[in-house]
Ligand SMILES: Cc1cc2nc3c(=O)[nH]c(=O)nc-3n(C[C@H](O)[C@H](O)[C@H](O)COP(=O)(O)O)c2cc1C
């Protein structure tokens, strides 16, 4: 394991002002010098179509993301909650990624986080994502969990984290995730 962990973070939202992307940016700022966090979005990934896959293979944009995941020491996924589950775009991305050879998520340490305007902070969608990660043979950290509820009160208009308690908790979570990645599987 390298001294400095190479972590890929995926935001399940494509909005420029996404709370979930803002959450990952805040985590990147808070992470200590032993962890670099490379934030990726899912913009441009087409809807999965088995006929397209047969005709032209897995799209390059998916292969590029899959190879980043494969090369990473760990992955953080920030999921929004749409209608009590994960956004279709995020599920679509994990479906495509699972079609890349040798399961890029296989045995990969993964941390799940999320932010929503509602009070539950994506708790429901995070448990749907957890189930999906079982199917991908990923190793999702169980605890602690990050449910950023009432996200509009936690982030400033420019997307910066404006809530000290959330920042302290994110630091604790990042330390736990660092240990999860380094424990060796
Ligand atoms: C189609 C749709 C469904 C949503 N359903 C939920 C929901 O079930 N639970 C929830 O807490 N928020 C829900 N929301 C509100 C989102 O939490 C809010 O839009 C949030 O800002 C999305 O994440 P983002 O800021 O990272 O884009 C929904 C939003 C959309 C667009």
Study note, to complete from the structure: Taking the range 104-123 and the residues there that are more than 9 Å from the ligand (Cβ to nearest atom) and surrounded by 18 or more Cβ atoms within 10 Å (Cβ to Cβ), the one that is farthest from residue 184 (Cα to Cα) would be 113
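Do we find that residue 52 is out of contact with any helix residue (DSSP H, G or I) (no Cβ under 8 Å at 6 or more places or on another chain) and away from the ligand (no atom under 16 Å from the Cβ) in this structure? Spell out the reasoning first.
Details: out of contact with any helix residue (DSSP H, G or I) (no Cβ under 8 Å at 6 or more places or on another chain): yes; away from the ligand (no atom under 16 Å from the Cβ): yes.
Yes; evaluated as a whole, the condition is true for this residue.
I need the full set of residues from the range 15-46 which are in a loop (DSSP other than H, G, I, E, B) and crowded, with 16+ Cβ neighbours inside 10 Å, in order please. Break it down into steps so the answer makes sense when it comes.
Here is the first cut: in the range 15-46, the residues in a loop (DSSP other than H, G, I, E, B) are 15-18, 31-34, 41-46.
Within the range 15-46, 18, 31, 41, 42, 45 meet the criteria.
Quick one: which of 160, 137 is surrounded by fewer than 14 Cβ atoms within 10 Å (Cβ to Cβ) and at positive phi?
137
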Review point. Does the range 12-20 contain at least one residue that is away from the ligand (no atom under 12 Å from the Cβ), under 17 Å from the mean Cα position of the chain (by Cα) and without any contact (Cβ under 8 Å) to a residue 40 or more places away in the chain?
Key: no
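Would you confirm, using the coordinates I've provided, whether residue 66 is under 23 Å from residue 179 (Cα atoms), buried (at least 17 other Cβ atoms within 10 Å of the Cβ) and away from the ligand (no atom under 16 Å from the Cβ)? Break it down stepwise before answering.
Values: under 23 Å from residue 179 (Cα atoms): no; buried (at least 17 other Cβ atoms within 10 Å of the Cβ): yes; away from the ligand (no atom under 16 Å from the Cβ): yes.
It is false that residue 66 is under 23 Å from residue 179 (Cα atoms), buried (at least 17 other Cβ atoms within 10 Å of the Cβ) and away from the ligand (no atom under 16 Å from the Cβ).
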Practice item. Tally the residues that are outside any loop (DSSP other than H, G, I, E, B) and more than 16 Å from the ligand (Cβ to nearest atom), restricting the search to the range 1-11. Key: 4
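We did not get these values from a lab; they are worked out from the coordinates using the rules stated. All figures in this text were calculated on a predicted structure; none of them were measured in a lab. Virtual Cβ from ideal backbone geometry, glycine too; neighbours counted across all protein chains shown.
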